[in-house]
1. What is the log10 of I(q)/I(0) for the range 90-201, computed with the Debye formula using one identical point scatterer on each Cα and no solvent, at q = 0.19, 0.21, 0.22, 0.23 Å⁻¹?
2. Extension gain Glu29-Asn212, at 0.36 nm per residue separation less the Cα-Cα distance, in nm?
3. Considering the alpha-carbon set of the chain alone, what are its Rg and its Dmax in angstrom?
4. Testing the spin-label approximation: label points 7 Å from Cα along Cα→Cβ at Asp129 and Ser161. State their distance in nm.
5. Rank Val207, Met93, Asn49 by how far each Cα sits towards the positive end of the charge dipole of the chain (+1 on Lys, Arg Cβ; -1 on Asp, Glu Cβ) and give me just the farthest.
6. For a 21 Å ceiling on Cα separation, which of these pairs sit above it: Lys42/Lys63; Lys4/Lys106; Lys113/Lys182; Lys42/Lys106; Lys106/Lys182?
7. Round to a whole angstrom and tell me the spacing of the C-alpha centers of the range 145-192 and the range 44-102.
8. What number, in percent, do you get for the relative contact order of the chain if the mean sequence gap of Cα pairs under 8 Å and at least 6 apart is divided by its residue count?
Amino acid sequence: MAIKVHGSAFSIAVMRVFACLNEKGLEYEFVRVDMRAGEHTKEPFLSLNPFGQVPAFEDGDLKLFESRAVNQYIAHAYADKGNPLICQDPRKMAIVSLWMEVEAQKYDAPAAKLTRELIIKPLLGMSTDDAIVEEQEVQLAKVLDVYEARLAQSKYLGGDSFSLADLHHLPTMNYLIGTRVKAVFDAHPHVSSWCADILARPAWQKVVAMKNNQRL
Ligand SMILES: N[C@@H](CCC(=O)N[C@@H](CS)C(=O)NCC(=O)O)C(=O)O
């Protein structure tokens, strides 16, 4: 199998890449990195990602890291496979790119901090910092106010069809919907319907099933 994803099935960035590969119907090998043992901070992993973060990705002799860049590669290289995740039309693609940037620059910071406090820290036996949670819920709500207006006009963030712009939200969304932060999503009806729609995608459900079958 030519495609390999190195990481932990619990990692939001790794799950983002799995979601993309599943949408494309591609086969891949999952190479588990034991993060609790610090394998991501040592060789041979550092040769794949010198920043010591998962995922690392290989497609034959092509080696990549940074989940969003990996997904753009997959969407372009395998454009003719599975579900389309990008647009050929430059004007339509510009809108998809815009919302991919919004996810990375605006949504991800509060969503990832909340995921860390409410999911990852408890999984690692650490205590949640409630002050951070309260502060980041306010930040997330402000971002979702903008999403609510967008999704009142457009079925998906990037346009009429599901794209990478939506997909990139799935891991944090999936984790947070199972926490008190669900109330923040639910306060935005169009956002809430969009979440239910994209979380139900078979490609995403396969990612969840894979995580649930793995040890930390
Ligand atoms: N921007 C990177 C973020 C990667 C990242 O933060 N990975 C986390 C797991 S979700 C990690 O490896 N954390 C361990 C560390 O930073 O030491 C991407 O999207 O790939």
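Every number here is computed from the coordinates shown, using simple stated rules; none is lab data. Quick caveat, the model's predicted, so the values are computed rather than measured. Here the Cβ positions follow ideal geometry from the backbone for every residue, glycine too, while neighbour counts run over all protein chains shown.
1. -0.94, -1.13, -1.22, -1.32
2. Extra length available between Glu29 and Asn212 comes to 64.2 nm.
3. Expressed in Å, the Cα Rg and Dmax of the chain come to 17.0, 48.
4. Computed distance between label sites Asp129 and Ser161 equals 4.3 nm.
5. Val207
6. Working: Lys42/Lys63 17 Å; Lys4/Lys106 29 Å; Lys113/Lys182 15 Å; Lys42/Lys106 31 Å; Lys106/Lys182 18 Å.
Check vs 21 Å cut-off fails for Lys4/Lys106; Lys42/Lys106.
7. Result: 21 Å between the Cα centres.
8. About 23 percent, as a whole number.
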